[in-house]
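The structure appears right after this line, and notes come after that.
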Amino acid sequence: MLLTVLVYVLVALAVALLGRSLGSRVFWIAAIGPLWTVGYCVWAASALGSGPRTESWNWVSALGLTIEFRLDWFSLLLLALVGSIGTLVFVYSVHYFPPDRDIRRTAAVLTLFAGAMAGLVTSDNLLLLFTFWELTSITSFLLIGSNDESSSARSAATQALLVTGAGGLAMLGGFVLLGQAAGTYSMSSILSSPPSGVVVDVALVLVLIGALTKSAQVPFHAWLPAAMAAPTPISAYLHSATMVKAGVYLVARFAPAFAVDGPWRWIVLGAGSASVLLGGYRALRQNDLKLLLAYSTIGQLGLLMVLFGAGLPELALAGCVVLVAHAAFKASLFMVVGIIDHQTHTRDIRRLVGLARRWPALFWASLLAAASMAGLPPLLGFVGKEEAFDGLLQPDVPAHLVLLAAVVLGSVFTVAYSARFLWGAFGDDVDRTGDAAVVEGSDVPRPLPSFVAAPALLALVGLVLGIIPGVMSGLVADSLAALGFDELAVHLSLWHGLNTALGLSILVIAAGAGLFVMRRRVERVQAAVSRGPSATSVYDALVKGLVDVAGRVTSVVQSGSLPVYLMVLIVTLVLVPGIPLVLAGSLGRSVEWIDSPMQPVIGVIMVASACAAALVRRRFAAVLLLGTVGYGMAALFIVQGAPDLALTQIMVETLGVVAFVLVLRHLPEGFAPTISRPRRVGPAVAGVAVGLFVFWFALAASSVTGTPTPSADVVDGPVPTRDSGERLADRSLAEEFLARSLPDAHGRNVVNVIIVDFRAFDTLGEITVLLIAALGVLALIRIDRREESEGVPLAAESIDTEDARR
Amino acid sequence: MNEHSPIEQTPRERADSEMSRRSMILDVVVRSEFHVLLVVSVYLLFAGHNQPGGGFVGGLVAASACALRMATAGPAELRRSVRVRPMVLLGGGLVVASVAALAALWDGGQLLQTRYLTFDLPVIGPASMSTAFFFDLGVYLLVLGSMLAVLEVFGEPEAGP
C-alpha cells in the first residue's frame, strides 16, 4: 500500500519533470498512478479472502509514529473508487485542459492528491491518516486555485483551506485525545476495543468536526459551492467523488464503535439530515449547472452521513450502495457539465438550447446518470434509495420517522433538480429571462467521442449495476464485515416486491415530478422566502473579524520601534531565566578565574572594545569595535582548545561585519545626537544587566558540567538509542558524548558529531528555522521595495527617527 | 537592474561600479582566491567529522568567499560567478538534509540514524565515511544559501532610499 502511494509520488515527479513538451497529453502519464491503483485493487481482491492485509514501517518510533497500512474490504471499496474514477478523470482531462503553461502543475498536483487519497483510505494509524487528510486539503487548495489570476478562485481556495484546515486541526486534537485514552494510535485496535468516558466524547466531537467540514456538511458547507471555481475535472474528482467522501469514510469507520453512546448520533444525524434538506432545496433554484451539482453533492453527502453515521448494519448496507452509485453518477454529471462548458463556454441553463439533438450520445449518458441520481429504476441510484428507505423504516433507528421524513423530502428535491439539470442542459424550452445571448446547439463544435467516453462509461456502470445489483452483494457484505458489523445476509436486487419502500419511491418520484412541473412557482416561493444569514456571510464575517482583531493586536504589540523590540527581548532574557538562576543560590564549585596568561590580555581588549563601541559616535567605528569583541571571543575559544568554535566564531563575526557594512551604506554616518540623558539610562541599565546575566549564567552552566546529572536531564531529547551497552544515566552529557563519539559515530570531532548525529534532530529544526528566517528577510525586503515604488516611507528612515528619539 | 545603461544609473550604482574600477588589484587577487576559498570550504565540510570543520563552518567560509567577491566586484559580478540562486540553495539544502534524515528508514533504521560506510574508491583506495556527511552537506548548502540571501538583499544597490 505504501508502494501504491509512492507510485503516485513518482508519477507526479515524472509529470512535473518530463511533461514539458507533452501539453495536455501529460495526463496520459498521470493516469498511470490511478491505473496502478486499479490493478492493485484487482490483485488485492483475490488476496483479501484470508483477512485484511497490513503493512508496517518504523517512522519515528521514539514518538510512537509508525507507518501502518491496513487494507480491508471497505478500504478496498474506496481505493477502487479513487483508482477507477481517477483513471477516467485523468483520461477526460486530456481533452478538457488547454495545453498552457500551468498544465503540468495541475497534473502533478492532481496526481499527488490521488496519492494522498489512496493513503487516506488505507492508513491504519490515526496520525498517518491525519497526515494524508491534510495533504488532500492542501492539494485541494492548490487545485481550486489553479486559475491563480482570478481573485474569486483564490478566495474560494482560501475558504476551502481555512474551513477544512480548521476542521483538520480539531480532528488532530480529537485523534490525540482518542489515542491517549486508548493507549494506541492504531485505528483497528481502537475500533475493536473502543475506549469510553468524557474525554472520548470530547474527542469524538472534535473528530466529527473534521469529518463534517471535509464532507461540506451543514453548517460548514459553504466552501463546497465556492470550490466550483476549480476546473471541472477537479470538481468531478475531488469535490464529488473522492475527497469530500473522506469525512463519510471516517464516520463509517467510527460509527459501529462509537455511535451508540454519547453525542455522536445526534451530531451526525442532525448535520446529515440538515444537509440533505438544505442541499436539495438550494439545488432547486440554481441556474449554473455546476452549482446545482455542488448543492446536490452536499445533500447526497448528508444522506451518506445519515446512513453511515447511525452505526447500524441495515443503514450502512444502503450507505455502501449509495456511495458507489453517487461516485458514478455525480462524477459522470460533472464531466458532462465540463464538456458543455468546454464546447459552449457557458454553464447557464438559461443560455443553453437544443443540445440534446446535437449531441445525442452525451444526452443519453446524462439521462442515465441523472436518472440514477433521481433514483429511478432500473439504475443503481434506485437500488440504493430503496435500501435506504428500507433501513430507515426499521424501528431500531433512533428517531427513524424524522430521518425518514428528511430523506424522503430530500429525495423529492433530488428528483426535481435532476429533471431540472436535464431540462436545463439539453432542453429546447428555455426561460429567456436574461438578456445574455443564447447558445444554440447547432452553433457549437461537437465534442470528440473520446471526450464523451468517460462520463458515458460511468453512466453505463450505473445502469449495469442497477440491472444486476447482485454482483455487488458479496463486496457490500464483506465491506460491512470490515466495518465491524456482524455477518449480514446481503441480497441486493432491483425488485423487492410490493413493500413500503417501493411505495415511498413512487411517492417521491411523483412529488419530484410535480415539483419540477411547478418550477416557476417554486422559484418564486424560494425567492420570496427571506433567508437568514447564509453560511458564506457568516464565514466572511468570521474572517473579517479575525483580521480586525489581528490588526488591533499587531498595532499594540508591533510598535515599529527597534529599540523597544530589543528592550523587550533583553528584559525577558534577563528576568525569565535570570530570577530562578539567582534564587538557586551559590555555584556548585569554586571558580578558576584564569587558566592561561593569554586570557586576561584578550579579556582586557574585549572589554575595552565593548566600552568603546558603546561610546563612539560613528556607526562604522562601532561595528568594527563590536567585531573586535567577537574576534576576541574566538581567541578565547582557541586558548581553551576549542578550534571548532573559534573557526565558527571567526566566520560568523566576519560575515556579520560584512552584513553590517552593507546595511551601513544606507544609513547616516553617525548616530543621531542624544536628546536627553534620562533616555539613555534605560538602555544602559539593560545592557549592564544582560552582561551580568550572561556572566552568571556562564559560571553556573560551566559548574554543572562534570558533575553527575540526574537521569531525567539525559533522557530528555531524542538521543538515539545505541547498542554500546552502557547506561546513560550515571554520566553527564558531556562525558557521554565524548565517550561515544568515536565508537558509535566514528567521528573524532565531538562537536560535529553532536551536531550531525547525536543531536541531529535539533539541527534539523535549526536549519529549518534558518531557512524560514532567510525567506523572511527576502520577503521583507521585497515588500519594502514594493512600498518604495508606491511612495510609502522606508524602514531605514524609521530607524533614523528612532535614533533621533533616543 | 540598469547596470548597462549609464544614464539611468542611480548614484549608488555609479559608486559601486567606480569602486570596482578603482580596486583592480584587489579584484584580481580576490578572483584568484575565490575558488581557493571554495575548495577550503569543501575541505572543511569533508574534514568535519574528525577534525575542526563541518557543514556549518564550511558554508560560512563559502559565504565569506562570496562576500569578498561582492565587496570587490559588486553584486552583479557575484551573481554572474554564483549562478545558483539562494532560494535554490536554501530549498536544496533542506531537501538534502531531510532525505539524509529519512534515509535510514529505508532498511529498517530510525529517523536520523547514521550508518558507517566503508568502500573502495578507484585510484584512491579504501575509504570510509559516516552517512551523517550527507546531513552535513544539507547544512552546508542551507547556510551558504541563507548567507547569500542576506548578501543579495543588503548588497542590492537599489535596496536603500
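Computing Rg and the Kirkwood Rh from the Cα coordinates of segment A:1-243 gives a ratio, Rg/Rh, of 0.98. Per-residue extension of 0.36 nm, minus the Cα-Cα distance of residue A:666 and residue A:148, leaves a gain of 182.8 nm for this segment.
Helix A:733-745 axis versus longest C-alpha principal axis of chain A: approximately 60°, rounded to the nearest ten. Counting neighbouring beta carbons within 10 Å and listing from fewest to most, the residues A:736, A:592 come out as A:592, A:736.
Each Lys or Arg adds one and each Asp or Glu takes one away; over the other residues whose Cβ falls under 11 Å from the Cβ of residue A:508, this sums to 0.
Taking the C-alpha atoms only, the angle from helix A:795-805 to the longest principal axis of chain A is near 40 degrees. Sorting A:350, B:83, A:446 by the number of Cβ atoms found within 10 Å of their own Cβ, with the fewest placed first, yields B:83, A:446, A:350. Between residue A:486 and residue A:460, the distance separating the two model label sites (each 7 Å from Cα on the Cα→Cβ line) works out to 4.3 nm.
Across segment A:603-620, coupling constants 3J(HN,Hα) worked out from phi with the 6.51/-1.76/1.60 Karplus curve, θ = phi - 60°, read x, 4, 4, 5, 5, 4, 5, 4, 4, 4, 4, 6, 9, 5, 9, 9, 4, 4 Hz, and Gly and Pro carry x. Amide H contacts under 5 Å for residue A:353: A:439, A:441, restricted to partners 5 or more places along the chain or on a different chain, H placed in the peptide plane at 1.01 Å from N.
DSSP beta bridges fully contained in the protein assembly as shown are about 90 percent antiparallel. For segment B:6-159, the equivalent ellipsoid derived from the Cα gyration tensor has semi-axes of 37, 18, 10 Å, listed largest first. Placing pseudo-labels 7 Å out from each Cα toward the beta carbon at residue B:106 and residue A:196 gives an inter-label distance of 5.0 nm. Net length available on complete extension from residue A:166 to residue A:443 is 95.1 nm, with 0.36 nm assigned per residue and the Cα-Cα distance removed. Remark on residue B:130: its backbone amide H falls under 5 Å from those of B:117, a criterion applied only to residues 5 or more positions apart or on other chains, H modelled at 1.01 Å from N.
Computed over chain A, relative contact order equals 9 percent, with contacts defined as Cα pairs under 8 Å that lie 6+ residues apart. Sorted fewest first by neighbouring Cβ atoms within 10 angstrom, A:633, A:567 come out as A:567, A:633.
Straight-line reach only, C-alpha to C-alpha below 23 angstrom: list the lysines that residue A:544 could link to, leaving out same-chain residues fewer than 8 apart. Output for residue A:544: A:214.
Dividing the summed helix terms, -39500 (n - 2.57) for each DSSP H run of n ≥ 4, by the number of residues in the protein assembly as shown produces a 222 nm estimate of -23000 deg cm²/dmol to the nearest 500. Distances between placed amide hydrogens fall under 5 Å for residue A:218 paired with A:275, all partners being 5 or more residues away or on another chain. Sequentially through segment B:121-131, phi angles give Karplus couplings (6.51, -1.76, 1.60; θ = phi - 60°) of 9, x, 6, 6, x, x, 9, 8, 7, 9, 5 Hz, Gly and Pro residues having no value and appearing as x. Shown in residue order for segment A:534-547 are the 3J(HN,Hα) couplings computed by the Karplus curve 6.51 cos²θ - 1.76 cosθ + 1.60 at θ = phi - 60°: 6, 4, 5, 5, 4, 4, 4, 5, 4, 5, 5, x, 4, 5 Hz (x for Gly and Pro). The angle between the Cα long axis of helix A:289-309 and the main principal axis of chain A comes to about 90°, on a 0 to 90 degree scale. Taking the inverse of the mean reciprocal distance over all distinct Cα pairs, the Kirkwood hydrodynamic radius of the protein assembly as shown comes to 32.7 Å. FRET efficiency for the residue A:53 to residue B:99 pair, using the beta carbon distance and R₀ = 22 Å, is estimated at 0.15. Using DSSP to call loops (not H, G, I, E or B), can you name the trypsin sites (Lys or Arg not before Pro) in segment A:88-120 whose Cβ has at most 11 other Cβ atoms within 10 angstrom? The qualifying sites are A:101. Between residue A:529 and residue A:399, what is the FRET efficiency for a Förster distance of 22 Å, r being their Cβ-Cβ separation, to the nearest 0.05? Efficiency, rounded to the nearest 0.05: 0.25.
Taken together, the values in this text are just the output of simple stated rules run on the coordinates, not laboratory data. Just so we're clear, the structure is a prediction, and the values are computed from it rather than from any experiment. Here Cβ is always computed from backbone atoms with ideal geometry, including for glycine, and neighbour counts include all displayed protein chains.
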